[in-house]
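To start, the structure under review is shown below, and the notes come after it.
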Amino acid sequence: MTVVVVMLVLAATLIVTLVALLLAERDMKSVIGNQQFALLSSAAAQVDAQIAARKVLLATLADTIPREAGNDAAAMQAFVDRNPVARKEFLNLHIFNRQGMLLRTEGEHVEATPTLNPRTRAYLEGALAAGKAVISPPYKSVLTGLPSFMILQPVRDAQGRTLMLLGGSIDLTNSVFLEQIAEQKPGETGFMFIMTTGGILLHHPDHKRLLEHINARPGYNRATEMALRGFEGWTEAVNKEGSEGIYAYKHLQSTDWIIGVRFPVDEAFAPMIQMRRHAMLAAAVFAAIAGVMAWLAIQTLFKPLGSLHRNISDIRSGAAGIGILQRQGDDEIGELSAAFHEMMAERQLYEQQIAASEKRLRTIADSLPAIVAYIDSDLRYRFTNEHFRHLMGLDPRSMLGKTIAEVMGKEFAAGVACFNEAALRGQRVHYEREGYHNGSLRQMMGDMVPDIAADGSVSGFYLMALDITERKTAELQQAASEKRLKLLTDNLPVLIAYLDHERKFQFMNATFQHWFGIDPQTLIGRHLIDGIGNEQYHLAEPHLDQAYQGQAATYELQARIGDDLHTLETTFLPELGPKGKVLGIYSLTHDTTRMKEIEQRLTQLARIDSLTCIANRLMFEELLPLAIARARRNRKPLALAYLDIDYFKEINDTLGHGAGDQVLKEFADRLIASVRASDTVARLAGDEFVIVFEQVANGEEAARLAGKIVDAMHAPFTLQGAPHHVTTSIGLALHEGDDETPAGLLARADSALYAAKRDGRDRYTVAD
Ligand SMILES: Nc1nc2c(ncn2[C@@H]2O[C@H](COP(=O)(O)OP(=O)(O)OP(=O)(O)O)[C@@H](O)[C@H]2O)c(=O)[nH]1
């Protein structure tokens, strides 16, 4: 930390110093560049002034030169001698005629008048045509062999006509005005130079390069190229030797020359480089001092932090408890320490809670009758519970970190590979598979839940697997049992259905198909109303409601099976859940049509006397109260006749029981034949009969009817082929809508019968 701070201080100091130096260098370059350009501009002005002065001098000479000087050497010599300034300012003086022919030369190294080459001749002709002073391109003098240039001035006569040209040549290697320029060179190694706009050097410290093209040497100089394209000002560039320099260029006004200056950067910036060295040194010293001070300050400031660090290390290594964090000072580090203490105390609490939770979880997992494991993406066990030991004899702890293949074998791993892959793709997997565990074939059911991180990656999966061998066996047994049950129910002549709590069919047996032609499968999951229709449903609804409230209900209904109307009896049996909640309803319907018929028949038989086929005592006792009620309602009297066959015992005794039965049948037939259909004839027992006459007008009519019956018996009975005389006695009682009970009425009739018997039989007696 300290090192980092010290390095930062050093780096900051150096960066600030460097940036300041760079800015200073940039500014200084600009100053030097501008200074060089100013210097150059001054030199250019000097050159212009020198040229102008020489033009003026030459013009004055032209005005005064004798006209014959071109052809008279003595006159020329005399003229030059008269004008010593001409000798001083020009290397040589030349006179050219109007045809450009050199007529006379006067000056240094002149032995004879040289012959001019055609190019020079052409130039001179141009100068003559211009009619004013011109400056020649630089050239190598044929007289002196020196690089030179010439100022040409026309010599005119009184009429202003050009008679000849007066030329003054200037030595480029040894000229007064160029020497002045050379003296103004910047620094020790800097120099000035002059070239034409075409690049021909006129002035250069290296005289050998004079009259050469500036680009005669191989290489490239950006500044030179800029100058040749017309640039004026200063710039930085690298010369053909690879040396950096500041270049400045300026065009002369008096001629098409460019004056330039090169100031090598090394020299130009020598003071600045020195300054940079000093500044860097000073910065380094300053940074070192600042670094040391920073280090000291940090050491002082970080001392409590170091103490805190040691305390935390001690806590981590177990050498100290978290209590030592509370003993730090009152400063910020002390507060930090207290905050650490609080945080670590909370962490300890959480860790304890997590440990307790993990322990609980471990206990639960170990107590589960199922395999529980966490398997990572490398298919290595990371958590295993005790059930591995119970089921497979594996030590769950020794499995940790090993792969499924290592623990269970390659064959097993290959068998569950597809499930593992699916779980690691993020899918929940449910499987059932067979496998040998502890030498026995077991049926296993497993669930895999992928462990999906927030970013969607799967780092493993949880596995829970159950041994369902027993359950599977039970399921198979149950399936077989259900199959048997279905076979049974499908062949029972009973409609069997199971309705769920929403009154929808969950089961229907094949009887639905047999009775109504309904395929049971088409109604599974549909509401009862879809199966039996609205009308039947409304009939069944109250009974269903009762069953859904937990009480069995039975009701009868009529339904058409085939072409016939059948009587059915349906029972709804609720299926109750653990808390008495109705889970569903069993509906059992059987056809009671046949039973009903038998029952009716039996009922009927119970009320019919089997010998005479008329109503017996039971029916009489049922009918009499009803008849009395009707009589009361209709306010019509009712008469009850109580009959007994006279001396019947004797018939039995003399002719036998069969003859007696025959008499009884014949007697009954005659009674039936003697009364109206609305009247009831019944045999009470033995030879006792009753007749209920309904809606009789009065006692007289009743008596008449009784007499008619007595008479009806007078016709002989044929017994065993012989006629027999049978008579009857009748007791008649009239019920006239009062409160008399059926028993009371019967008792009165019985009394009247007794009276008839007593009075001699073969008669009727009316009760009081
Ligand atoms: N053959 C035959 N005899 C019956 C039957 N039931 C009862 N008896 C007989 O009918 C006779 C009834 O006799 P009673 O009515 O007491 O005497 P009775 O001879 O008719 O004399 P009275 O009634 O005083 O005239 C008894 O001997 C019974 O055994 C039956 O179903 N068939």
Two-decimal log10 I(q)/I(0) for the range 607-766, as the Debye equation yields it once each C-alpha is a single scatterer, q = 0.13, 0.20 Å⁻¹: -0.56, -1.28
Stretch gain in nm, segment D661-A715, where the contour uses 0.36 nm per residue and the Cα spacing is subtracted: 17.7 nm
Three-way shape call for the range 463-533 based on the alpha-carbon gyration tensor, with the a/c threshold at 1.5: oblate
Contour excess over end-to-end distance, with Cα ends at D653 and E434 and 0.36 nm allotted per residue: 69.7 nm
Relative contact order (percent, whole number), the range 323-427, Cα cutoff 8 Å, 6+ residue spacing: 14
Long-range HN-HN contacts of H735 with modeled amide H, under 5 Å: L638, A639, L640
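222 nm [θ] for the chain, helices only, -39500 (n - 2.57) per DSSP H run of 4+, per residue, to 500?
Helices in the chain give a 222 nm mean residue ellipticity of -16000 deg cm²/dmol.
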Karplus (6.51, -1.76, 1.60) ³J(HN,Hα), θ = phi - 60°, over the range 63-79, in Hz, Gly and Pro reported as x: 5, 9, 5, x, 5, 8, 4, x, 10, 10, 5, 5, 4, 5, 4, 4, 5
Gain in span if fully extended, E358 to A413, counting 0.36 nm per residue against the direct Cα distance: 16.9 nm
Rounded to 10°, Cα long-axis angle of helix 742-758 versus longest principal axis of the chain: 20
Unsatisfied cross-links (Cα-Cα over 24 Å) in the set K636/K757; K402/K472; K29/K240; K359/K472; K472/K504: K636/K757; K402/K472; K359/K472; K472/K504
The chain - accessible surface per residue (Å², probe 1.4 Å): 54
Simple label model, 7 Å out from Cα along Cβ direction - I15 to R635, nm: 13.2
Within straight-line cross-link reach of K303, aspartates and glutamates at Cα separation under 13 Å, skipping those fewer than 8 residues along the same chain: D331, E332
J(HN,Hα) series, the range 130-147, from Karplus relation 6.51 cos²θ - 1.76 cosθ + 1.60, nearest Hz, glycine and proline x: 5, x, 8, 5, 9, 10, 7, x, x, 7, 9, 5, 6, 7, 9, x, 8, x
Restricting the range 188-263 to GluC sites (Glu not before Pro) in coil, as DSSP defines it, with at most 12 other Cβ within 10 Å: E188, E241
Hz values of 3J(HN,Hα) by residue in the range 533-543 - Karplus curve (6.51, -1.76, 1.60), Gly and Pro given as x: x, 4, 4, 5, 5, 5, 5, 7, 3, x, 6
Descending semi-axes in Å of the chain, equivalent ellipsoid built from Cα gyration tensor: 161, 44, 26
Spin-label model distance (nm) - L485 vs E701, 7 Å beyond Cα toward Cβ: 6.8
T727-T567 FRET efficiency (beta carbon distance; Förster radius 45 Å; 0.05 resolution): 0.40
In nm, spacing of pseudo-spin labels at E556 and A122 (7 Å Cα→C-beta vector): 15.0
Placed amide H near I730: partners under 5 Å, 5+ positions off or other chain: R763, Y764, T765
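The values are calculated or read from the model by the stated rules, or taken from the named source; none is laboratory data. It should be emphasised that the depicted structure is a prediction, and the values quoted were computed from it without experimental measurement. Backbone-built Cβ (ideal geometry, glycine too); neighbour counts: all protein chains shown. Accessible surface areas use protein heavy atoms only, side chains included; no ligands, DNA or RNA. Shrake-Rupley method; radii C 1.70, N 1.55, O 1.52, S 1.80 Å.
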